[in-house]
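Worksheet: one structure, shown below.
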Amino acid sequence: MLAASLWTEKLWFDSIGFTGVFVTQLVVQIVLFVLGTLVVGGLLWGNMLAAYRTRPEHRRRGTSAVLDRYRDLLEQNAAIAMLLPAGMFGFMAGLSTATQTLPVLAWWNRQTSGVVEPTFGLDITFFMLEYPVWRLAMSLLMSGLVFAFVAAAAVHFAVGNLAPGQGDGRRATRPATVHLSTLGAAVLVVYGLQNLLDRYALVLEQGTLFTGLHYTDANARMDAKLVIAVIAFIVAALFVVNIFWRRTIVPGAGVVLMLVSSLILSMIYPWIVQTLQVRPNEPDRENDYIALHLEATNQAYGIAEREIEEYEAVTQVSPGQLKEDAAALPGIRLMDPQVIGPTFDQLQQVRGYYAFPEILDIDRYTIDGAETDVVVAARELNQANIPDPNWNNLHTVYTHGHGFVSAYGNRRQGNGEPVWITRDIPPVGKIEETQSRIYYGEQSNNFAIVGRAEGQAPIELDSPGGAEGGGEQYNEYDGSGGVPMGNLLGRLLYATRFADINILLSDRVNENSKILYDRTPKQRVEKVAPWLTVDSNTYPAVVEGRLVWIVDAYTTSATYPNSQRVLLRDATSTTQSTALGVQLDQPINYMRNSVKAVVDAYDGAVTLYAWDETDPLLRTWEAAFPGSVTPRSEISDDLMDHLRYPEDLFKVQREVLGRYHVGNPRVWYNGTDVWEVPIDPVQSNERQKEPTYYLSIKWPGDDEPIFSQTAVFVPQNRQNLASYLAVNADASSPNYGQLRILRMSDRRQIDGPGQTQNAITQNPEVAERLLPYTQTRGSASIKFGNLLTLPMGNGLLYVEPIYTERSGNAGAYPALTFVVVRFGEHVGIGSTLQEALDRVFVGDAGAETGELPVTTPDPAQPTPGQTPPQATPAPGQADPGTSTPPTGVVDEAAAIDALNRADTAFDAADAALKAGDLAGYQARLAEAKAATEEAIRALGR
């Protein structure tokens, strides 16, 4: 089993072109295993053998029957008695050491950063790359020596070199004294070296206030460790002297004094300094160390170059107030990728065995000459919904998904559905796709066997329609991905690896067969680059006509000197984490987006592009695995257009900035200006942090909107807005990665997201428009979309889409029905963003949003949606956003006739869907919608 797993791993790396990564790791693992085994096992065996060879020729018997019996057994089976414990302890040490392959590789190939840690004057890479390995070496050596001392003492005792009593005046023979004294001296020397090494750890440990060096560390603990090391060396010398003096009480007393001194110096003395000197004067004593900590933390998380500006946000409104922000209005994203996943499913799923992710993604494409924010998703195979999940279907028929689907982020059809840019199978639309099959994707969790023998017909389901006569169309994989396994040895290896006898027995496995496995983008990147931490959100893009997955990846460390340590999982968790997946539960205090990885959805090819080429960790790993990383200069223009600032890095920076946006050590210490990430007001029941948002915003003072990732802060334990954070997320921009913060004035309170959401839901006009959905149980429900915050009109504009969905209907999906905005204390709701803005800004926002008219569906997009009842305007109030006719006379006959026609149209739509006729399906649903609306009118509603 182990051999099959190892060899198939090698074949996988061969197929993907990263053989060097596999071989390098394997060789280093073997070397480390042997080294760990030899150090611990060799020390045990060597010292036990040395002790056994010094046994006396004549020894007394009868002092203990048990001891006599053990001595006899040892003499009869000396080799086994010594090799067994040495081998066992050595094997365990070897396994433990082999797990340190990556740290040792990094140490061996270490690169400098040019940044010096001021306390010790060493390059920061000493702490990130060298210190962990030196610590590992000391621990390994100490373990071997301690085990050897105990084992040697046991053998000396067993063979009679050590006596349990005084006897003739000496407890130990001279060979035993020399041997054990030498080992004791060696243990103490290593202990002293560990204390010297631990001085460097003071800039890495979590202290009372922060991670890094404190006053007590610098003025008490550092000297204490030096003194303890000197004492350990002195006591080691006493053990050496004991070889000649043979007075065991002298080194024994030295050990006791050393332990007492260690207790006083490492615990009591620092406690006295902390209690009597630091605590009464903590702000003053720690001031310089806090300043050092702030500087290191800012450097480690890449937030040192942030720009903070005071923002006197206005709250009053006036006509034409958004005139200066006219360029940004058309880019306001109305389609929430966290809400419209079911809409994509219902309108573009085509078959139940296809699926879209629960949370969609945001990207940018140039459509009709204009760069546009686009909601994107890949139509992947969902094996859980395969009609007949037998072995052949799971592994040879349903092998891949098909199609990249995209919609405008700032548009919706008249019925609230997305305006498609690309859709259907095969994909059609304004984004050209020359290869859209998805053999490698986020939901590709099973292995697939592809390839047919000469003359055999294809068996891989390619699309529900498209074949001659309108039936299912099949495909034969011709990509370069996968591992050839058509011969008997290959079938045997993979049958063993996957514990699946069908691989060996199936006639569908032939001489041309390939096996595709480890197919998710994250899996592939993590395997070829195990030194990277992968972002929790992978997104699809069409690059040069091919569907690919873009994976942001990071180099991280937990040993950057004086930088604040955070838990990666906690810092990146939001209300979206359940769907996207949580990060590793590991501490970090350094993070760089060093690599942009691309995984081809058809052949699984992985390309690692160097992104942050100044990162010393990236340069170290490039040296460790030469040729595995492609230079940044080879990123194509088309790919560059789709790279964006990564989510998890921004979330970590957001978390750190909440405390570290201040530069004054006293302000930091006092904690009077701490920000925190607000709870997501839309998903408040989950009590998780608000996610970050991708959208194009126009920063105050800029001429044009910029594709950005944004977030907001509230003061600690408060709900009003403290600041607005944005980072330039456009990788093709020269200002990519620029962090900018708008700090709200302390003189005027601006409501935060939670307060704004409350104001929206409590607003009378909003309540009235939503009344038909909240009052009528069982007919429809409402879903609030993401609450976006934008700096506009010299203030902060909140925009929130509201979706409606029919209840109790298997085919229901969210449709965008209303948009609500808030500026200051003013709330407006409309059927369009333009209408909502005009309601807030006294009938004139001052600019056009560029939306499609709500009453005019795109004629090229006949996809219908549900049309729940609209709210009736308040008496005397005009409502241009609603097309609901006034109450009229009930015509039951006409209503029944219309409902019958709607029912017939729904049946025809189902038949069209089963036949793979997506256009016919959409057309029949349109007929059903029209008939349903006719019935509603006939009922006078």
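What follows is calculated from the coordinates using simple rules that are stated; it is not laboratory data. Note that the structure is a prediction, hence the values are computed from the model and not measured. Using ideal geometry, Cβ is built from the backbone for each residue, glycine included, and neighbour counts are taken over all protein chains shown.
A few notes on this one:
- Modelled spin-label separation between LEU504 and LEU226, with each label point placed 7 Å from Cα along the Cα-to-Cβ direction: 6.8 nm.
- Theoretical gain in end-to-end length, ALA759 to SER5 [0.36 nm per residue, Cα-Cα removed]: 265.5 nm
- Modelled label positions at GLU704 and THR208, each set 7 Å beyond Cα in the direction of Cβ, lie 5.5 nm from each other.
- Our estimate of slack between VAL255 and GLU454, defined as 0.36 nm per intervening residue step minus the Cα-Cα distance, is 63.7 nm.
- Dipole-positive endmost among GLY369, PHE149, LEU74 within the chain (Cβ charges, Cα centre): LEU74
- As a rough guide to protection, the peptides 740-751, 215-226 ranked by mean Cβ packing within 10 Å, highest first, stand as 215-226, 740-751.
- Per residue, the convex hull spanned by the Cα atoms of the range 172-285 measures out at 82 cubic angstrom.
- The fewest-to-most ranking of MET267, MET142, MET48, MET258 by surrounding Cβ atoms within 10 Å reads MET267, MET142, MET258, MET48.
- Each residue, GLU295 and LEU38, gets one label point 7 Å from its Cα in the Cβ direction; the gap between the two is 4.4 nm.
- Remark: HIS661, HIS156 ranked as HIS661, HIS156, counting other beta-carbon atoms within 10 Å and listing the fewest first.
- Using the Cβ-Cβ distance between ASN794 and GLU358 with R0 set to 30 Å, the FRET efficiency from 1/(1 + (r/R0)^6) comes to roughly 0.20.
- Applying 1/(1 + (r/R0)^6) with r as the Cβ-Cβ distance of THR366 and THR774 and R0 = 30 angstrom yields a FRET efficiency of 0.15.
- Average Cα contact separation per residue, the chain, under 8 Å, 6 or more apart, as relative contact order %: 12
- Relative exposure of ARG246, ARG69, judged by other C-beta atoms within 10 Å (fewest first): ARG69, ARG246
- Per-residue extension of 0.36 nm, minus the Cα-Cα distance of GLU825 and ILE80, leaves a gain of 259.7 nm for this segment.
- Taken about its Cα centre, the range 329-517 carries a charge dipole of roughly 220 debye when the Cβ of each Lys and Arg holds +1 and the Cβ of each Asp and Glu holds -1.
- Paramagnetic label zone (point 7 Å from Cα along Cα-to-C-beta, ILE308; backbone N under 14 Å) in the range 708-734: 713-716, 722-726
- Counting only DSSP beta bridges whose two residues both lie in the chain, roughly 95 percent are antiparallel.
- Less than 5 angstrom separates the built amide H of ASP844 from those of GLY320, all sequence-distant by 5 or more or on a different chain.
- Rounded, prolate or oblate (a/c below 1.5 giving rounded, otherwise prolate when a/b exceeds b/c) for the range 556-602 by Cα gyration tensor: oblate
- For the chain, the Cβ-based charge dipole about the Cα centre amounts to some 5540 debye (Lys, Arg positive; Asp, Glu negative; other atoms uncharged).
- Shape call, the range 13-148: gyration tensor on alpha carbons, a/c limit 1.5: oblate
- Residues whose amide H falls under 5 Å from that of MET792, counting only those 5 or more places apart or on a different chain, are LEU797, with hydrogens built in the peptide plane.
- Karplus 3J(HN,Hα) series, Hz, for the range 284-296 with 6.51 cos²θ - 1.76 cosθ + 1.60 (x for Gly, Pro): 7, 5, 8, 4, 5, 6, 5, 4, 4, 5, 4, 5, 5
- Cross-link partners for LYS596 among the lysines, with Cα-Cα distance under 23 Å and sequence neighbours closer than 8 places in the same chain left out: LYS522, LYS527, LYS651.
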